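First up is the structure itself, then whatever we jot down about it.
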Amino acid sequence: MLSPAEGPTIAARLDRLPACRTIWGLVVLLSFGAFFEIYDIYLSAPLSLGLLTAGIFHAGKAGLFGLSDQATFIAVTFAGLWLGALAFSAVADRLGRRPIFTVALIWYAVATCAMGLQSSALGVDAWRFVASVGVGVELVAIDCYLAELAPKALRGRAFAVSSSIQFLIPGDHFGMAGWRWLALVPAVAALGVWQVRRALPESPRWLADHGQLDEAERILAKIEAKVAAETGAPLPAPRAEAPAATPTVTPSLLRPPYRARTITLIVFHLFQTLGYYGFANWLPTLLISQGITLSTSLGYGIALALVPPLAPLIFMAVADRFERKWLIVAGALVAAVFGLGLTRMTEHSNLVLFTLIGMAVAGGNSLMSLAYHAYQSELFPTAMRARAVGFVYSFSRLSAALSSYLIAWTLAGFGGGGVFVLISGAMVVVAAVIAVAGPRTRGLALEEI
């Protein structure tokens, strides 16, 4: 472990770096891997339809295990994401961020390509599960990697850019090319991953924490030289008072001060997933239940598709100006308030107003999402960051797998309005939990938090 004299110097030197092409280049390269988590989730709908058309999947009780094959496909997706985040994320604390970034991305690409070669529902589901495990590991490693490489003054903006890149995903029209083509697309990742790996350094913070000070110094000196050359000015002096060093004994998630943070984020993830994916995945069904037809909601759908990649870039203006916890609270409350507004919409409602309300919901979700990805990575020390983030984040996957049943039950018993109230209520809980229990992180070095 790092000593008090050496470790903080690495952190302080990283945090004094200004925004420039080198720093943003690292952010973009890391986001390359995060792209595939969103691709993996949004792939479910067009892939399922393609598999049904091909006769590999069957609807209703004719499917595998007497259930709809589409339901099983989605279930194994989130089960894999859950297992990857929970069981394997700690490997990134032991072996480093860079190798896990590489291995998990190749794991996902190979497994997804293998899925594309299957001819049975069981084979497709099995390889889908394996691929999703890789993505579950990948995203946790990327969040930790990004938090440790980005200087403290632009961590929020770094996660905003990463969030925007994640949502630059192909639309449903790619389904016209066939489900196997969709499944083979990730092979492109395997072709480019080694070039990405060459350009990405290991986290100097992780190296210092594991006693590899010479390597940390070499990597950081190289980054500093590039930044100085690009800015054409001397780098700012590191802060005079160094943050506290990482303890020599690995801290525990279940002991203070991390126990309260762990519980807070578990509750947060159980409810944010119900709110986030409730709006994202169930909206078409809820609109139809209120008499809003596809032709009525088409303009809304187009506008909604533009929000996820564009909103994070707009939120860059506030990502580092306000406390991360209050950005999460604001995003959740915006989604909750305007989500309730959707309960008043009918097929006779003003289309412009309808679209603006929907965009506000999507924008609130986007702000909450980019802020919490940065926030949860900031709340734990380097020695346990991947393990901790993987553990708390796994509850979002568990919630995603179960919340669809809760929403379906609510829709059957209370209609679309009841579902909107349920989802908005979940977002209110999210806001309350973070507002009350979330610590502040703005402008602080990771070692101080």
Inset, instruction - On the full set of protein chains, 1.4 Å probe, figure out the accessible area of Cys113 and give it in Å² to the nearest 10. - result: 30 Å²
Inset, instruction - Collect residues whose amide H, placed 1.01 Å from N in the peptide plane, falls under 5 Å from the amide H of Ser203; neighbours closer than 5 in sequence don't count. - result: Arg97, Arg98
Legend entry - Accessible area of Tyr276 in the full protein assembly, 1.4 Å probe (Å², nearest 10): 30 Å²
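In the P(r) worked out for the range 114-173, what percent of Cα pairs fall beyond 13 Å?
Working: 1273 of 1770 pairs.
The calculated P(r) of the range 114-173 puts 72 percent of pairs beyond 13 Å.
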Legend entry - Over 23 Å [Cα-Cα, the range 56-166], rounded percent: 40 percent
Legend entry - Share of alpha-carbon pairs per 5 Å distance bin for the range 309-449, given as whole %: 2, 10, 15, 19, 20, 15, 10, 6, 3, 1, 0, 0
Legend entry - Exposure of Ile106 as accessible area (Å², to 10), given a probe of 1.4 Å and all protein chains: 50 Å²
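How do Trp409, Trp127, Trp282 stack up against each other in accessible area, from largest to smallest, with a 1.4 angstrom probe? Can you show the working numbers first?
On the way: Trp409 160, Trp127 95, Trp282 50 Å².
Of Trp409, Trp127, Trp282, the descending order of accessible area is Trp409, Trp127, Trp282.
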Inset, instruction - Calculate the spin-label point distance for Leu402 paired with Ala54, positioning each point 7 Å from the Cα along the beta-carbon direction, and give it in nanometres. - result: 3.3 nm
Inset, instruction - Report the label-to-label distance for Ala432 and Ala303 in nanometres (one decimal), using points 7 Å from each Cα along the Cα→Cβ vector. - result: 3.1 nm
Inset, instruction - Run the quick spin-label model on Val421 and Leu253: label points 7 Å from Cα toward the beta carbon, then report their separation in nm to one decimal. - result: 3.5 nm
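Relative to the present Cα-Cα distance, how much length would full extension add between Phe414 and Ala233 at 0.36 nm per residue of separation? It would help to have the intermediate numbers written out before the result.
Numbers: separation 181, 0.36 × 181 = 65.16 nm, distance 6.30 nm.
Fully extending the segment from Phe414 to Ala233 adds 58.9 nm.
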Legend entry - Lys222-Arg21 FRET efficiency (beta carbon distance; Förster radius 22 Å; 0.05 resolution): 0.90
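The values are calculated or read from the model by the stated rules, or taken from the named source; none is laboratory data. The structure displayed is predicted, hence computed values, not measured ones. Note that each Cβ is placed from the backbone with ideal geometry, even for glycine, and that neighbours are counted across all protein chains shown. Surface areas here come from the heavy atoms of the whole protein model, side chains and all, with no ligands, DNA or RNA. Shrake-Rupley method; radii C 1.70, N 1.55, O 1.52, S 1.80 Å.
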